[in-house]
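Comments concern the structure below.
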Amino acid sequence: MATSLYIASLEPRAGKSVVALGLMELLSARIERLAYFRPVVPDLSDVRSELIRARFPGAEVAHAYTVEEVEVLLADGRNEDVYRGVLERFRSLTRAADFVLCDGTDYTGVSATYEFSFNAELANHLGAPVVILINGHGREAEDVVESAKVARESLMREGCTLAATIVNRVEAGDIDAISAALGTVRGHEPEFTIPETSLLGMPTFAEVVEALDAIPVIPSGEAEQNREITAYKIAAMSLPNFLDHVGDGYLVMVPGDRSDLIVGAVASRMSNTYANLAGLILTGGLEPAHEVLHLIEGIEEARLPIYAVDTDTFQTAQDVAAVTAVMRPSSERKISAALGLFERHVDAELLAKQIDITRSDRVTPLMFEYDLIERARAADKHIVLPEGTDDRILDAAEILIRRDVVKLTLLGEVDRVAPRIAERGLPPGSVKIIDPATSSLRDPLAHRYQELRSHRGIALENALDVMLDVNQFGTMMVETGLVDGMVSGAAHTTQATVRPALQVIKTRPGVSIVSSVFLMLLADRVLVYGDCAVNPNPNAEQLADIAISSAETAERFGIDPVVAMLSYSTGESGTGEDVQRVREATGLARERRPDLRIDGPIQYDAAIDASVGSKKLPESSVAGQATVFIFPDLNTGNNTYKAVQRSAGAIAVGPVLQGLNKPVNDLSRGCEVADIVNTVAITAIQAEES
């Protein structure tokens, strides 16, 4: 089994951030203790290292030298000292990590010839298989093949083992030709081709402002700072012509005394008929009249970022064109796009097999989240999100589409949702948008709803009114098979999300109660807590059902179910109605599922801590080993999961509803974007197995 991998690029601007990020994501799903190592960084504030550190908080991130330090050593003829220092730092990482991803140099500050030789020798010294990275931007297939041959021959002369060849930044129309041509290169390692995407080359508004040292006139918020600039435009013509020459996400450079164009740009952002600009740069050291600024400052709903520079328009345009896009920890859109590209075009299992990676027996949060995404993508399901106007839902939708995880339908007024999808740079049609009030589906869904609720005497007129509710509409889409599952609750109560599902989707055969679990992602393991969201005071039979459903959910998500039926006493030590209820539930669950490891009543400390468990319940196969924790009531479960979430820094994924015929899941109204992404992935996996 390999314990390291080395990324060696043949030239600059090959898109190493995409490959490094994709490889770290692949490795984090399989390796528990992971490290990221850069032999040489441009400077101490290396952006790629910061990106990896933020994305993979459990990974060790380190470097050996800066470019400046290497230049000093080479100038003194101390070449061997460079290798020695890198090897010492690398070996220190191997003692602390099970696998080290080495990210070679970036061709900054040292000659290209020396750098490739340096990377080849270093990979050989480290004993790390090499991923060859080639820049395919604007190149013919023959040129790419020649580069691949040169790289292979050079690395093999150094005695390196080749893991794979990746050609990055290829024009979409050239993918097939370059992939076919690569197959003619002699070798046993796999070859992958990743297309260019314009988003990764777009700098953010913040990057442009910082590079220009621009002064805020109307400052931007955090979301606007992180917005990618789709194009640049110099405004010098009349307002009517100007409006016809700009598009969404444009950064416009305009002389500061052109009040007409400045006001027009702000008005454009308020309008549904013209472009939603990213911002304005006022040139020439000029500012619009005080009255104009006062007018703009009062338009809160369309606050357009406006910054000023002293340089003239021509020089400003040159300065803006020189700004380079960088993938930063805050670049969520770029990160999602990069991971989506890598995951679609690099066969993770083939590459893992090539470098002989063995999965860890333990499941860390990173492994669990990566596995969710992989399994959801393989399931290829269609999920409806009723809260289509919520910013968190829209941000999550962007991530899910860019990473090709699921197909999505958003509910809401098309005129409100569609522009906000376009703002995020998603192509038209990538997300389906339905307005229940105007949709042709409203009538057939209402008829089906009336049929299902006929025992309640629901009239068609009432059913049509019910279909105006987005949760009811979404639930009926699930029930009729138009979509495979639903996720809601970011802006609705649990009751508003769950009640429609109970009314029309109903419970699975053999299940008496719908319940919920939270998947608790702790630092070193994933646990299942149930029921923490739905049932206030379950009786013994319901507790047994919750235990069995929770064990099945755990198994579905790769967690070996060892079930602890929790109480305030352990074994036979306690008496009382509450303890007896848990004792009876334990017996019922064992009768129904004798194959499961279930024990109770048991206290939490005895269930999770082996030393305590061996003292309190020494004969138990569950004590100290539990992975599934069943709480006796909602009060206990809800408070415990929140205490662990806040005090232990755990990620709580859920609530995940279980027991329904088809998957509907509820979000917390305080949920974050990552919670929504995970819950949608879980819903897709549930749909695969329902």
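Among the candidates 311, 316, the residue that is more than 30 Å from residue 671 (Cα to Cα) and open to solvent by less than 40 Å² (accessible area, probe 1.4 Å) is uniquely 316. When region 289-311 is limited to residues that are in contact with a Gly (Cβ under 8 Å, 6 or more places away or on another chain) and modelled with pLDDT under 85, the one that is farthest from residue 244 (Cα to Cα) turns out to be 303. If I ask for residues that are open to solvent by 60 Å² or more (accessible area, probe 1.4 Å) and under 17 Å from the mean Cα position of the chain (by Cα), which ones from region 331-351 would you list? Of everything in region 331-351, those that are open to solvent by 60 Å² or more (accessible area, probe 1.4 Å) and under 17 Å from the mean Cα position of the chain (by Cα) turn out to be 332, 344. Considering only residues that are of a type outside the set (A, V, I, L, M) and crowded, with 21+ Cβ neighbours inside 10 Å, look in region 272-293 and name the one that is farthest from residue 313 (Cα to Cα). The extreme case among them is 276. Which of the residues that make up region 618-665 are within 12 Å of residue 529 (Cα to Cα) and of a type in the set (D, E, K, R)? Within region 618-665, 633, 642 meet the criteria. Within region 650-674, the set of residues being under 19 Å from the mean Cα position of the chain (by Cα) and either part of a loop (DSSP other than H, G, I, E, B) or farther than 24 Å from residue 555 by Cα (or both) comprises 650, 667, 668, 670, 671, 672, 673.
When region 125-139 is examined, which residues are found to be assigned to a strand (DSSP E or B) and either touching a Cys at 6+ places or on another chain (Cβ under 6 Å) or open to solvent by 10 Å² or more (accessible area, probe 1.4 Å) (or both)? Within region 125-139, 130, 135 qualify.
Please identify the pairs in which a residue from region 261-288 that is modelled with pLDDT under 85 has its Cβ atom under 6 Å from the Cβ atom of a residue that is surrounded by fewer than 24 Cβ atoms within 10 Å (Cβ to Cβ) and polar (S, T, N, Q), counting only partners at least 6 apart or on another chain. If the second residue must be surrounded by fewer than 24 Cβ atoms within 10 Å (Cβ to Cβ) and polar (S, T, N, Q), the pairs left are 269/276; 274/268; 275/268. Kindly establish whether residue 563 is part of a helix (DSSP H, G or I) and within 24 Å of residue 643 (Cβ to Cβ). Answer is no for this residue.
All conditions in (1) among the hydrophobic types (A, V, I, L, M, F, W, C); (2) open to solvent by less than 20 Å² (accessible area, probe 1.4 Å); (3) out of contact with any strand residue (DSSP E or B) (no Cβ under 7 Å at 6 or more places or on another chain) hold for residue 612, with the sole exception of (2).
For region 168-200, what are the residues that are crowded, with 21+ Cβ neighbours inside 10 Å, touching a Leu at 6+ places or on another chain (Cβ under 7 Å) and of a type outside the set (S, T, N, Q)? Once the filter is applied, which keeps residues that are crowded, with 21+ Cβ neighbours inside 10 Å, touching a Leu at 6+ places or on another chain (Cβ under 7 Å) and of a type outside the set (S, T, N, Q), region 168-200 yields only 194. Can you tell me which residues in region 531-552 are open to solvent by less than 20 Å² (accessible area, probe 1.4 Å) and either of a type outside the set (A, V, I, L, M, F, W, C) or in contact (Cβ under 8 Å) with a residue 60 or more places away in the chain (or both)? Listed by number, the residues that qualify are 531, 532, 538, 543, 545, 546, 547, 549, 550, 551. With respect to the stated conditions, residue 621 fails to be in a helix (DSSP H, G or I) and open to solvent by 10 Å² or more (accessible area, probe 1.4 Å). Residues in region 666-678: is at least one closer than 14 Å to residue 483 by Cβ and either at pLDDT below 85 or in contact with a helix residue (DSSP H, G or I) (Cβ under 7 Å, 6 or more places away or on another chain) (or both)? No, because not a single residue in region 666-678 is closer than 14 Å to residue 483 by Cβ and either at pLDDT below 85 or in contact with a helix residue (DSSP H, G or I) (Cβ under 7 Å, 6 or more places away or on another chain) (or both). In summary, residue 30 fulfils each of the numbered conditions (1) among the basic types (Lys, Arg); (2) at pLDDT 90 or above; (3) open to solvent by less than 10 Å² (accessible area, probe 1.4 Å) with the single exception of condition (2). Sort out which residues of region 598-611 are part of a helix (DSSP H, G or I) and more than 21 Å from residue 526 (Cβ to Cβ), and write them in order of number. Residue satisfying the conditions is 611 alone.
Of everything listed in (1) modelled with pLDDT under 85; (2) surrounded by fewer than 21 Cβ atoms within 10 Å (Cβ to Cβ), the single unmet condition for residue 46 is (1). If the condition is being open to solvent by less than 50 Å² (accessible area, probe 1.4 Å) and assigned to a loop (DSSP other than H, G, I, E, B), then region 254-271 contributes 256, 271.
Restricting attention to region 648-690, report how many residues are farther than 18 Å from residue 386 by Cβ and acidic (Asp, Glu). Summing the residues that are farther than 18 Å from residue 386 by Cβ and acidic (Asp, Glu) in region 648-690 gives 3. So, in region 448-464, exactly how many residues are over 13 Å from residue 503 (Cβ atoms), part of a helix (DSSP H, G or I) and hydrophobic (A, V, I, L, M, F, W, C)? So the count comes out to 2. Being touching a residue at least 40 places away in the same chain (Cβ under 8 Å) and under 21 Å from residue 328 (Cβ atoms) is a property that holds for residue 36. For region 494-525, a residue qualifies if it is of a type in the set (D, E, K, R) and within 30 Å of the chain's Cα centre (by Cα), and the qualifying residues are 499, 524, 525. Checking each residue in region 571-595 for being assigned to a loop (DSSP other than H, G, I, E, B) and either closer than 22 Å to residue 640 by Cβ or over 39 Å from the mean Cα position of the chain (by Cα) (or both) picks out 571, 572, 573, 574, 575, 576.
Residue under question is residue 4, and the condition is that it be modelled with pLDDT under 90, surrounded by 22 or more Cβ atoms within 10 Å (Cβ to Cβ), of a type outside the set (Val, Ile, Thr) and over 24 Å from the mean Cα position of the chain (by Cα); does it hold? Here the answer is no, as residue 4 does not meet what is asked.
Evaluate region 558-578: report whether one residue or more is buried (at least 24 other Cβ atoms within 10 Å of the Cβ) and of a type in the set (Phe, Trp, Tyr). No, region 558-578 contains no residue that is buried (at least 24 other Cβ atoms within 10 Å of the Cβ) and of a type in the set (Phe, Trp, Tyr). Residues considered: 77, 104, 22, 15. Of these, the only one that is open to solvent by less than 60 Å² (accessible area, probe 1.4 Å), closer than 24 Å to residue 340 by Cα, out of contact with any strand residue (DSSP E or B) (no Cβ under 8 Å at 6 or more places or on another chain) and not aliphatic (A, V, I, L, M) is 22.
The values are calculated or read from the model by the stated rules, or taken from the named source; none is laboratory data. Given the structure is predicted, the values throughout are model-derived calculations rather than measurements. Glycine gets a Cβ as well: all are built from the backbone with ideal geometry, and neighbour counts include every protein chain shown. Just so you know, the surface numbers come from the protein's heavy atoms only, side chains and all, with ligands and any DNA or RNA stripped out. Shrake-Rupley method; radii C 1.70, N 1.55, O 1.52, S 1.80 Å.
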